[in-house]
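K.L.:
Have a look at this one before I ask anything.
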Amino acid sequence: MASGEAVGAMLLTEPDAGSSPSQLSTVAEATDDGYRLSGEKAFGTNAGVADVHLVVARRRPQPEDSHGVSVFLVPSVDEAPGFDFERIEYMGMRGHVTGDSTLDDVSVPADALLGEVGQGFRIAMGTIDMARTGLGAIGTGLARGAFDLAVDYASAREQGGSAIGEYQAVQVIVADMYSQLESARHLVYSSANRIAEDASETRASSAAKLAGSEAAEFVTRNAIQVYGGKGYRTDEPLERYFRDAKILSLIGGTSEIQRTTVARETLDL
């Protein structure tokens, strides 16, 4: 996967368990030669095209000295009988494969266990700082693209004999967009630098993800406002940016979860 020769996917979220891995219901029954997995997973990015899936599940029977969940390596849908995937189309982010997975007595060998029994939460959350920082970067990129378009349009579009950018109402919008965009960018870069220096911090990554997500929604929405009715047309890129931006405040932990995380880390709760 690191060399780009294989596609990976992590199946953590379930229909009734999102930001609370402790509530997962997918189980991995121990067998004589490995494990048998059963359960349902939702919002599995790449699941339909992945060569290997990291499936987070509860091991049964659970050893007395183990708590929580474990991670199991499951091959592609075509190579794992009982493993089915249904692609779901969403309002935005249509360029990647995401959907729901069903595991019905999927057999895997004993060495399919990643790490040790009970380490699932730690493994699943082990890259949380990087993932949330990355999502913040996606949001910042979306916001920057929309911002640049809005600035160019406000400078070129004339109304009443003047470029609309000369009107104070548009200037206020541009100033607010710029402020949110730059705030998000600095938080993302700060968190990314921490990760590069092996000093990642959950509060910093959650703040970066929150700021990037919020900036993406705010800037894309207001860029359309600057464009007026033209920004609502499907032959303009802004409507796509607007649709794509919305998911960022939902995946990887909602904006509400990020606010809670930042607050708890700050208050040392």
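K.L.:
I'd like the per residue volume of the convex hull spanned by the Cα atoms of the range 67-106, given in cubic angstrom. Present the calculation step by step, with values, prior to reporting the outcome.
P.N.:
Details: hull volume 4.4 nm³, N = 40.
Here the figure is 111 Å³ per residue.
K.L.:
Hey, another quick one. Rounded to the nearest 0.05, what FRET efficiency do Asp148 and Ser3 have when you use their Cβ-Cβ distance and R0 = 51 Å?
P.N.:
Efficiency computed from Cβ-Cβ geometry: 0.90.
K.L.:
Please provide three numbers in whole Å: the alpha-carbon extents of the range 127-267 along the principal axes, with the largest listed first.
P.N.:
On the principal axes, the range 127-267 reaches 54, 26, 25 Å in Cα extent.
K.L.:
Another question, if that's okay. Using the Cβ atoms and a cut-off under 12 Å, what net charge is assigned to the surroundings of Ala137, where Lys and Arg are +1 and Asp and Glu are -1?
P.N.:
On the way: positive: Arg132, Arg144, Arg185, Lys209; negative: none.
Around Ala137, the charge tally is +4.
K.L.:
If you don't mind, there's one more thing I want to ask. Using the number of other C-beta atoms within 10 angstrom as an exposure proxy, rank Thr45, Thr127 with the fewest first. The partial results should precede the final answer.
P.N.:
Working: Thr45 18, Thr127 13.
Exposure proxy ranking, most exposed first: Thr127, Thr45.
K.L.:
Now for a different question. Residue-wise, which Karplus ³J(HN,Hα) couplings in Hz belong to the range 6-13, taking 6.51 cos²θ - 1.76 cosθ + 1.60, θ = phi - 60°, and x for glycine or proline?
P.N.:
Karplus-based 3J(HN,Hα) across the range 6-13 equals 9, 9, x, 8, 10, 9, 10, 5 Hz.
K.L.:
Same structure again: What is the sum of charges around Leu181, taking Lys and Arg as +1, Asp and Glu as -1, for the other residues whose C-beta is under 14 Å from the C-beta of Leu181?
P.N.:
Numbers: positive: Arg144, Arg185, Arg221; negative: Asp148, Asp176, Glu182, Glu214, Glu217.
Its environment carries a net charge of -2.
K.L.:
Quick one: if the Förster radius is 41 Å, what FRET efficiency do Glu79 and Asp176 give, using the C-beta to C-beta distance and rounding to 0.05? Don't skip to the end; give the middle numbers.
P.N.:
Numbers: r = 51 Å, r/R0 = 1.24.
Calculated value: 0.20.
K.L.:
Give me, ordered by chain and number, the residues 5 or more places off Arg59 or on other chains with an amide H under 5 Å from its own placed amide H.
P.N.:
Ala28, Ser70
K.L.:
Quote the Stokes-Einstein diffusion coefficient, in whole µm² s⁻¹, for the chain, based on the Kirkwood radius over alpha carbon pairs, a temperature of 20 °C and a viscosity of 1.002 mPa s. Spell out each step's value before the answer.
P.N.:
Working: Rh = 20.5 Å.
Translational D for this selection: 104 µm²/s.
K.L.:
Which peptide among 249-259, 155-165, 91-101 comes first, and what is the full order, when sorted by highest mean count of other Cβ atoms within 10 Å?
P.N.:
Working: 249-259: 18.0, 155-165: 12.5, 91-101: 15.5.
In decreasing order of mean packing, 249-259, 155-165, 91-101 become 249-259, 91-101, 155-165.
K.L.:
Hey, could you grab the Kirkwood Rh for the range 171-216? Inverse mean 1/r over distinct alpha carbon pairs, Å, one decimal. Can you show the working numbers first?
P.N.:
On the way: mean 1/r = 0.0920 Å⁻¹.
Computed over the range 171-216, the radius equals 10.9 Å.
K.L.:
Taking the Cα centre of each part, how many Å lie between the range 71-123 and the range 162-240?
P.N.:
Value for the Cα centre distance between the two parts: 33 Å.
K.L.:
Another question, then. What list of ³J(HN,Hα) values in whole Hz, one per residue of the range 141-149 in order, does the Karplus curve 6.51 cos²θ - 1.76 cosθ + 1.60 (θ = phi - 60°) give from phi, with Gly and Pro shown as x?
P.N.:
Taking θ as phi minus 60°, the curve returns x, 4, 4, 5, x, 5, 4, 4, 4 Hz for the range 141-149.
K.L.:
Considering every pair of different Cα atoms, what Kirkwood radius, in Å, is found for the range 8-124? Present the calculation step by step, with values, prior to reporting the outcome.
P.N.:
Details: mean 1/r = 0.0709 Å⁻¹.
Answer for the range 8-124: a Kirkwood hydrodynamic radius of 14.1 Å.
K.L.:
Continuing with this model, one more query. How big is the charge dipole of the chain about its Cα centre, in debye rounded to the nearest 20, if each Lys and Arg gets +1 on its Cβ and each Asp and Glu gets -1 on its Cβ?
P.N.:
Details: 23 positive and 39 negative charges, 198 e Å.
For the chain, the charge dipole is close to 940 debye.
K.L.:
Work out, step by step, the length gained on full extension between Arg203 and Glu29: first 0.36 nm times the residue separation, then minus their alpha carbon distance; give nm to one decimal. Present the calculation step by step, with values, prior to reporting the outcome.
P.N.:
Numbers: separation 174, 0.36 × 174 = 62.64 nm, distance 3.62 nm.
Gain on stretching Arg203 to Glu29: 59.0 nm.
Where a number appears in this text, it was derived from the coordinates with a stated rule and is not lab data. Bear in mind that the values here come from a model prediction, so they are computed numbers and not experimental data. No Cβ is skipped: glycine too gets one built from the backbone with ideal geometry, and neighbour counts run over all protein chains shown.
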